[in-house]
Amino acid sequence: MESFYIETYGCQMNEADSEYMASILLSLGFEKAESVKKADIILVNTCSIRDKAEKKVLSFVGRVKNIKYTRDVILGVCGCVAKQEGENLLNKAPYIDIVFGPHQINRLPEFLNKVRNTGEKVIAIGDSNDYKRDLGTIYYPGVRALIPIMQGCNNFCSYCIVPYVRGREISRNENEILDEIRRLGELGVKEVMLLGQNVNSYGLDRGLKDGFVSLLEKVSKIEDIKRIRFTTSHPKDLTDKLIDAFSILDKLCPHIHLPVQSGSNKILSLMNRKYSREEYLEKVDRLRKVCPEMSITTDIIVGFPGEDEKDFQDTIDLYQKVRFDSAFSFKFSPRPGTKASTMENVVSEEVKQIRLEVLQTLQKEITYEKNKQMEGRILPVLIEGKNSKSHKELVGRTPCFRVTNVMYDEGNLDDMIGKIVYVKITKGLKNSLKGYLIK
Ligand code: 5AD
Ligand code: SF4
């Protein structure tokens, strides 16, 4: 039996696309390879959001070249770098067989056949104006399933390449999404993570008002699904109705990823984010009023063109005010074709590095402190698996998405997977919690 290996870079949207490609290949009769070296089909799902992500892709492809010299392997590159580079990629790496963009995944079987039967290369990077997934190929992905509900983005933040590589917003049909979730529930999935670059605008392209909240209400009626999460929310589109949903819908977990990008109004305006720091802080207040347990995480870019010391201090000030549960911070990386890539007053690499370190050190302290505050509490944890480092520990997550290791030496660990159990938290660590099961 032929086997496949998928290497995934980038965001959860890419992870979801990779899971979907795996389900297509499994339904065609391929099996998952133990390692990249043993695979007959190697796919690389790429990310171009920052320079680093792109470099990693080229270095991976270079390593696969050596495998291709020894065996007859099909190498496909998909995702955002594929879409952006197209034929260029074949000039840089002529041993690639298939280059396909995010809108072309459904055609994967056709591409593989073409390469097998004719030996010709395939380049397919066109756009589609519909977003459909073939539900005939669903398989059990684990306790949590990633469910893309839309593709693309209309926001054009001045630094961001996503609208260029993933196109404009296209929402999936609501019934198809619900059908997929119901079927996953029947297979044993307990938690769904609804995905989109900006889920708050789900359905607008289909003429739906409050389409996202309405989708959440419908998902929460699906019996088998016990927890619902979503990502990502654009602060400008975070409506009161969505904030209220956190107190109304029991299954909606108290966690929101709300990228702020900068704490300076000057930089936010240059970034074309369409909200001010004051508006952001107001939304954070409202979220915490409606749901005091709310965990708030964010993304930040340091060293955006024009960011001076005062702007950076504004970001630090915002960090202190919000006290995020965790944060991803990045150095600004100019992306080809974006507005910010040609802006003046660029910040030096050195300054970017210093600012990144300052923020990361501050965030580490806050995250640790917040984890310590959990000590002594009893929290419901959805068990996702076993701790690979200890045969007496289960791993799961709290409602606010903290990884929790749970002592368990009473029976078969596998029987616990997929269950929500109550855990007394004994230790808050830097990136996780520890606890034991309460009967
Ligand atoms: N440079 C640095 N970070 C970026 N992001 C997006 N584009 C860039 C860029 N050009 C970050 C943003 C976004 C996250 C997914 O990646 O913070 O929220
Ligand atoms: Fe990029 Fe802005 Fe769209 Fe997010 S909202 S994907 S940062 S353009």
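The values are calculated or read from the model by the stated rules, or taken from the named source; none is laboratory data. Predicted, not measured: the structure shown is a model, and the values here were computed from it. No Cβ is skipped: glycine too gets one built from the backbone with ideal geometry, and neighbour counts run over all protein chains shown.
Just a few scattered comments:
- Scanning the range 131-154 for residues that are crowded, with 19+ Cβ neighbours inside 10 Å, within 10 Å of ligand 2 (Cβ to nearest atom) and of a type in the set (S, T, N, Q) gives no hits.
- Failed item, numbered, when Lys221 is tested on (1) in a loop (DSSP other than H, G, I, E, B); (2) farther than 29 Å from Leu318 by Cβ; (3) in contact (Cβ under 8 Å) with a residue 12 or more places away in the chain: (3)
- Residues in the range 350-389 that are assigned to a helix (DSSP H, G or I), over 24 Å from the mean Cα position of the chain (by Cα) and touching a residue at least 24 places away in the same chain (Cβ under 8 Å): Val351, Lys352, Arg355, Val358, Lys372.
- If you filter the range 196-207 down to residues that are outside any helix (DSSP H, G or I) and either in contact (Cβ under 8 Å) with a residue 12 or more places away in the chain or within 16 Å of ligand 1 (Cβ to nearest atom) (or both), you find that the one that is surrounded by the most Cβ atoms within 10 Å (Cβ to Cβ) is Tyr202.
- Ser18 hydroxyl-bearing (Ser, Thr, Tyr), within 27 Å of Thr231 (Cβ to Cβ), modelled with pLDDT of 95 or more and crowded, with 21+ Cβ neighbours inside 10 Å: yes
- Selection of first residues in the range 323-337 that are over 30 Å from Gln373 (Cα atoms) and in a loop (DSSP other than H, G, I, E, B) and of second residues that are basic (Lys, Arg) and within 13 Å of ligand 2 (Cβ to nearest atom), restricted to Cβ pairs under 9 Å at least 6 apart or on distinct chains, gives the following pairs, ordered by first then second residue: Phe332/Arg50; Ser333/Arg50; Arg335/Arg50.
The rows are residues; the columns are (1) within 16 Å of ligand 1 (Cβ to nearest atom); (2) under 16 Å from Leu318 (Cα atoms); (3) part of a helix (DSSP H, G or I).
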{"site": "Ala245", "(1), (2), (3)": "no, no, yes"}
{"site": "Asp250", "(1), (2), (3)": "no, no, no"}
{"site": "Ile256", "(1), (2), (3)": "yes, no, no"}
{"site": "Pro259", "(1), (2), (3)": "yes, yes, no"}
{"site": "Lys266", "(1), (2), (3)": "no, yes, yes"}
{"site": "Lys274", "(1), (2), (3)": "yes, no, no"}
{"site": "Glu279", "(1), (2), (3)": "no, yes, yes"}
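- Where Cys153 falls short, out of the listed (1) within 16 Å of ligand 1 (Cβ to nearest atom); (2) within 18 Å of Gly418 (Cβ to Cβ); (3) not polar (S, T, N, Q): (2)
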